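A.B. asks: Quick one: this structure, given as structure tokens, is what I'll be asking you about.
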Amino acid sequence: MSAANWLVLLGGIAAITFVNWWFFRAGRTPVAATAAPTGGPQEVVVAVRGGYEPGSIRVRAGQPVRLVFDRQEDASCSEEVVFPDFGVRKFLPPFARTPVEFTPDKPGTYEFTCGMSMLRGRLVVE
């Protein structure tokens with residue numbers, strides 16, 4: 001192989017490595033929020049803008065939860081939110097607030113993602 005071929009090969013490997021790091025390993029510290037007790041469901045507003053903010057949400061088990069997803073973009077990846085452990089899949093219209101309601105019964109840590117599993121968040125049920 002020529003030197004040019006080696007450069008192209010190394011450049012491709014570097015690009016693949018960077019993309020995987022960016023989406024799956026980047027040192028993004030998730031902002032955490034705890035749902036405040038109110039008379040109704042535990043409620044947290046989640047901004048959707050290239051990710052979820054807060055990225056980690058704490059709630060109490062056995063009490064209804066209302067997560068209001070405020071989608072502030074029109075990127076195709078963020079058009080859906082999925083809570084696989086709760087059987088919840090909800091379309092998020094761009095530049096709108098969409099409530100997602102369910103009741104987590106068991107304590108644990110549950111992941112939520114976009115429809116393509118590129119954006120990730122965490123629901124901690126205590």
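A.B. asks: Of all beta bridges DSSP finds with both residues in the chain, what is the antiparallel percent, to the nearest 5?
C.D. replies: Numbers: 22 of 36 bridges.
Counting only bridges with both partners in the chain, antiparallel ones make up about 60 percent.
A.B. asks: Name the residue, out of 109, 17, 98, whose mean-square fluctuation peaks in a Gaussian network model built on the chain with Cα pairs under 10 Å.
C.D. replies: 17
A.B. asks: Output ³J(HN,Hα) for the range 47-59: one whole-Hz value per residue in order, computed from phi by the Karplus curve 6.51 cos²θ - 1.76 cosθ + 1.60 with θ = phi - 60°, and x for Gly and Pro.
C.D. replies: Calculated HN-Hα couplings, in order: 7, 10, 7, x, x, 10, 9, x, x, 9, 10, 10, 9 Hz.
A.B. asks: Moving on to the next point. Using amide H atoms built in the peptide plane, which far-off residues or other-chain residues are under 5 Å from residue 52 H to H?
C.D. replies: When sequence neighbours closer than 5 places are left aside, the close amide H contacts are 120.
A.B. asks: Oh, and also: Let me see the pair-distance distribution of the range 74-126: every alpha carbon pair, 10 Å bin width, integer percents in order.
C.D. replies: So the P(r) values, bin by bin, are 24, 54, 20, 2.
A.B. asks: Counting only other residues whose beta carbon sits under 10 Å from that of residue 114, what net charge do I get with K and R as +1, D and E as -1? Mind dumping the intermediate values first?
C.D. replies: Working: positive: 120; negative: 79, 80.
In short, -1.
A.B. asks: Above 21 Å lies some portion of the pair distances; for the chain, what is it as a whole percent of all C-alpha pairs? Before the final figure, lay out the partial values.
C.D. replies: Working: 3555 of 7875 pairs.
Summing the P(r) of the chain above 21 Å gives 45 percent of all pairs.
A.B. asks: Starting at the first residue of the range 7-19, write each ³J(HN,Hα) from the Karplus equation 6.51 cos²θ - 1.76 cosθ + 1.60 with θ = phi - 60°, in whole Hz, x for Gly and Pro.
C.D. replies: Here the 3J(HN,Hα) series is 5, 5, 4, 5, x, x, 5, 5, 5, 5, 4, 5, 4 Hz.
A.B. asks: HN-Hα J couplings of the range 111-126 from phi, Karplus 6.51/-1.76/1.60, θ = phi - 60°, integer Hz, Gly and Pro as x?
C.D. replies: 8, 10, 9, 7, x, 9, 6, 8, 8, 9, x, 9, 10, 9, 9, 10
A.B. asks: Long-range amide H contacts for residue 66: which residues qualify at under 5 Å (H placed 1.01 Å from N, peptide plane, sequence gap of 5 or more or a different chain)?
C.D. replies: Hits under the 5 Å cutoff: 42, 43, 44.
Just so you know, all these numbers are worked out from the coordinates, no wet-lab data involved. Since the structure is predicted, the reported quantities are computational estimates derived from the model, not experimental observations. All Cβ positions, even for glycine, are placed from backbone atoms using ideal geometry, and neighbour counts span all protein chains on display.
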